[in-house]
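Below: the structure, in structure tokens.
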Amino acid sequence: MKKDTHPENYRYVVFKDFSCDEAFLTKSTVNSRDTIVWEDGNEYPLVKLEISNKSHPFYTGKMKYVDSAGRIDKFNKKFAKFGGKKKEEATEEETAE
């Protein structure tokens, strides 16, 4: 095996799924600016999640629509003005020429 391929800075980190308010403590190398006080009274870095195994439909067996940031509405508003020509209008213009 190659040497020095795995990081050495593993530490305890809390991952929190804000869609169902579940959290778990595990070791990770991920960086985070936020911190949280865990059940044992110690302070750990906090990584915020939108979906985890506690809220994902595959694991829960429940279909749930998650659009926490309103991304679909933002996309539709942003690109509504770029609708372009419809197929009917384009074919009418082509036949008129």
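The values are calculated or read from the model by the stated rules, or taken from the named source; none is laboratory data. This one's a predicted model, so the numbers in the text were calculated from it and none came from an experiment. As a convention, Cβ positions derive from the backbone with ideal geometry for all residues, glycine included, and neighbour counts pool all protein chains shown.
Some points to look at:
- The residue pairs whose first member lies in segment 49-76 and is under 26 Å from residue 14 (Cα atoms), whose second member is modelled with pLDDT under 60 and not in a loop (DSSP other than H, G, I, E, B), and whose beta carbons are closer than 7 Å, counting only pairs six or more residues apart or on different chains, are 53/59.
- Residue 44, sole failed condition from (1) assigned to a strand (DSSP E or B); (2) modelled with pLDDT under 80: (2)
- Which numbered condition residue 20 fails, given (1) touching a strand residue (DSSP E or B) at 6+ places or on another chain (Cβ under 8 Å); (2) modelled with pLDDT of 75 or more; (3) surrounded by 10 or more Cβ atoms within 10 Å (Cβ to Cβ): (1)
- When segment 1-17 is limited to residues that are at pLDDT 90 or above and of a type in the set (Val, Ile, Thr), the one that is surrounded by the fewest Cβ atoms within 10 Å (Cβ to Cβ) turns out to be 13.
- Subset of segment 23-41 [touching a strand residue (DSSP E or B) at 6+ places or on another chain (Cβ under 6 Å), among the β-branched types (Val, Ile, Thr) and not in a strand (DSSP E or B)]: 30
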